[in-house]
Amino acid sequence: MRESVAIVVVLYKAELSLFHKDLLKNGNITLIVVDNTPGRDLDLRADRLVYIPLGDNLGIATAQNEGIGQARESGCDYVIFFDQDSVIPEGYANRMVEEYKRINGLVPNLFLLGPTVTNGRTKEVYKSTIHRDVWAAEDFILRREIISSGSCVALRKIEEVGLNDDYLFIDYVDFELCWRANNKGFVNGLTTNIKLIHYVGQQEYRIFNQLVIISAPIRYYYQVRNYLWLIRRCYVPMQWKINRAIKLIVFPISFPFKVRCWREIYVQMFRGVKDGLLDKRYGKSRSGNGVI
């Protein structure tokens, strides 16, 4: 008998794509759609589809936490997370769960398993410039942190690690969850057997072979503010603190020469510095703090 799987998709000013609707063809899958679009309540009705309109943009952390809560109520065994812009291959969910079970049999302290992520624009596999591949098992590469899109986790393990920290709202939410899992004795990683096409940011270019991903200006507010919050936490890796500080200082120097909206980005970064130092929040959430 196949395990029950919840797929949590977060929408923000986007429609539910055919890629997501096709997931309902599998009888063991419950599709949970959490809508962060302000003032919207779509008429989404189908067997095994749960639509949760939040009525406002409460952030990716709160939206995923709501989806996890619904997965619990639905009696699901596993949760898979998707962004609205992910291109989901046919049969992805059940293949990912089977891969999770296989690797978990070899690595019992597995927490979050992600696919090999391919850049939707360049078709290249995203590779870390600071992490060397460490193989913990066949076809499984350890990663200190992975992005949430396409990732799979056993619901029982979320009970041990906790929900997303929704004070962070959006940026580094998935990384913080991975670090907290590491701190509790779990590991995260990627399978090379499953691939997922993903689109990140609005623009890309390279500086000295370092990939620079340009996001919407408001994202730089959260990146800077959340960085200043996270560097105070003892379980956040020192290597990440140093590497991220360098990127937040060095990369923006190139923005006036490469990015059209560089002035707005600078304004948002300044706001992020101010609110990060003052512990001020910008952005709503439902539960306050998802850490349980």
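Screening residue 80 against (1) in a loop (DSSP other than H, G, I, E, B); (2) of a type in the set (A, V, I, L, M, F, W, C); (3) closer than 24 Å to residue 169 by Cβ leaves a single unmet condition, (1). Restricting attention to segment 135-165, the residues being of a type in the set (Phe, Trp, Tyr) and touching a residue at least 24 places away in the same chain (Cβ under 8 Å) number 1.
Determine whether residue 28 is touching a Ser or Thr at 6+ places or on another chain (Cβ under 9 Å) and either among the basic types (Lys, Arg) or assigned by TED's automatic domain parsing to the domain that holds residue 142 (or both). First the steps, then the outcome.
Details: touching a Ser or Thr at 6+ places or on another chain (Cβ under 9 Å): yes; either among the basic types (Lys, Arg) or assigned by TED's automatic domain parsing to the domain that holds residue 142 (or both): yes.
When the stated conditions are applied, residue 28 passes them.
The criterion of being within 25 Å of residue 154 (Cβ to Cβ), of a type in the set (Lys, Arg), over 19 Å from the mean Cα position of the chain (by Cα) and in the same structural domain as residue 121 (by TED's automatic domain parsing) holds for residue 95.
Taken over segment 57-81, the residue count meeting the criterion of being in contact (Cβ under 8 Å) with a residue 60 or more places away in the chain and either surrounded by fewer than 17 Cβ atoms within 10 Å (Cβ to Cβ) or in contact with a His (Cβ under 7 Å, 6 or more places away or on another chain) (or both) is 4.
Scanning segment 147-170 for residues being at pLDDT 95 or above, part of a loop (DSSP other than H, G, I, E, B) and of a type in the set (A, V, I, L, M, F, W, C) gives a total of 4.
The values are calculated or read from the model by the stated rules, or taken from the named source; none is laboratory data. Values in this document were obtained by computation on a predicted structure and should not be read as measured data. All Cβ positions, glycine included, derive from the backbone under ideal geometry; neighbour counts span all protein chains shown.
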